[in-house]
Structure formats: C-alpha cells, structure tokens
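Values quoted throughout were computed directly from the atomic coordinates according to the rules given, and no laboratory measurement underlies them. This is a predicted model, so every value here is computed, not measured. Note that we place each Cβ from the backbone using ideal geometry, even for glycine, and neighbour counts take in every protein chain shown.
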Amino acid sequence: MPLRKSILGVAGLAFTGGVFAGPVAAHAADTTHTKPVAVTVQGDKLIPHGVQGEQSRIDLNDEQTANVKAIIAATKKAGMDERAAGAAVVSIATALQESKLENLGHLGDRNDHDSQGLFQQRPSSGWGTVEQITDPEYSTTAFLKGLKQVDGWQDMPLTKAAQTVQVSAYPDHYAQWEQQAADLVAQHWNS
C-alpha cells in the first residue's frame with residue numbers, strides 16, 4: 001500500500017510505536033461514521049511530506065476546542081471519504097494560522113480588509129455573508145469546497161494545499177501548524 005494513502009489522515013486512538021492505532025477507513029460510504037484512520041509517523045515526520053520546518057503550538061481554550069470539533073464535524077459531513085481526516089488536518093492548520101481558531105468578527109483598524117471568521121474569509125471575495133463566514137460549519141464547508149477543487153491536494157505539502165485555497169500573503173506560514181493540527185484531529189476525531 002503506498003504511503004500516500006495514509007496522508008495526514010489521523011483519528012483517534014493512542015499514539016503507539018510510530019503509528020496512530022486504528023484501521024484505515026477506505027472508501028467509507030457514510031463519512032459521518034467515526035472510524036479511526038491511520039497515519040504513518042517516522043520520528044516527528046508525517047508521511048508523505050513530513051512536518052515542514054519549525055512548528056508552533058498554542059494552548060486552546062474552550063471556544064477554540066469547540067471550533068476544532070466544529071471543523072472536524074463539518075469535514076466529516078463534506079463527503080471527503082477516506083481523505084476526511086487529512087482534510088481536517090489541513091483545515092485546522094489553516095484556521096490556526098488565520099485566526100488561532102478564534103471565530104473573529106470585524107476587527108476595525110486591525111482587520112485585514114474585511115476578513116472574518118475562523119479562516120479569515122472575505123465577504124467581498126465571494127466567500128459568503130458575514131453571518132455565513134462567522135459560522136464555523138459554513139466557513140469550513142466553504143474552505144473544503146475550495147480544497148476539493150485543488151487537483152492532488154492530498155499529495156501536496158499541507159502548506160501548499162492551504163495556500164492554493166487561501167491565497168495568503170504569507171504562503172509558508174501554514175506549515176508551522178501541521179503537527180498541532182494532526183494532534184488535534186487525532187484527539188478529537190471520535191469525540
């Protein structure tokens with residue numbers, strides 16, 4: 001089985017001996033099931049691309065943890081099949097970079113244009129209304145819709161997949177959240 005089949009797909013059980021325990025949930029017809037998905041880890045590297053560069057980590061409060069769970073739930077609903085856990089990792093890493101998993105409203109002078117929500121999506125760029133993009137399920141679904149349109153996203157480094165959707169002025173910054181995003185998916189996939 002090619003290692004790329006285990007791309008950042010992480011879910012739930014204990015980390016043991018270099019592999020997250022649990023079977024690969026391949027070709028699941030109903031993506032709302034909480035079947036664990038394996039990810040291969042060599043040292044601190046997630047396969048196939050490994051962790052890119054220095055990693056950042058923040059402690060999460062209850063609101064941020066609720067947003068992680070909302071992103072995972074929306075990802076499971078999005079019809080990503082066996083790629084759902086990998087898509088959740090990309091989504092959470094993106095939201096960590098964009099908002100530190102805080103559902104941000106308009107920040108006045110500190111705002112980047114009209115960017116809002118977990119993914120800092122812009123109403124003026126067609127992401128939806130302010131009400132929509134500050135809804136974690138809607139904003140995650142909108143992000144995933146963009147991700148699904150990226151040919152081969154599951155085979156590219158996380159930061160490149162996120163950047164292709166987000167078009168950030170800082171395209172390499174998503175990479176620093178890869179490990180924490182994978183850990184959060186592993187911790188909350190079955191919760």
To the nearest Å, what is the center-to-center distance of segment 63-89 and segment 113-191, using C-alpha atoms only?
11
If each K or R counts +1 and each D or E counts -1, the residues other than residue 132 whose Cβ falls under 14 Å of its Cβ total -2
With Cβ to Cβ distances under 12 Å as the rule, what net charge do the other residues near residue 163 carry (K, R +1; D, E -1)?
-1
PRE reach from residue 137 (point 7 Å along Cα→Cβ): which of segment 58-91 fall under 17 Å by backbone N?
66-80
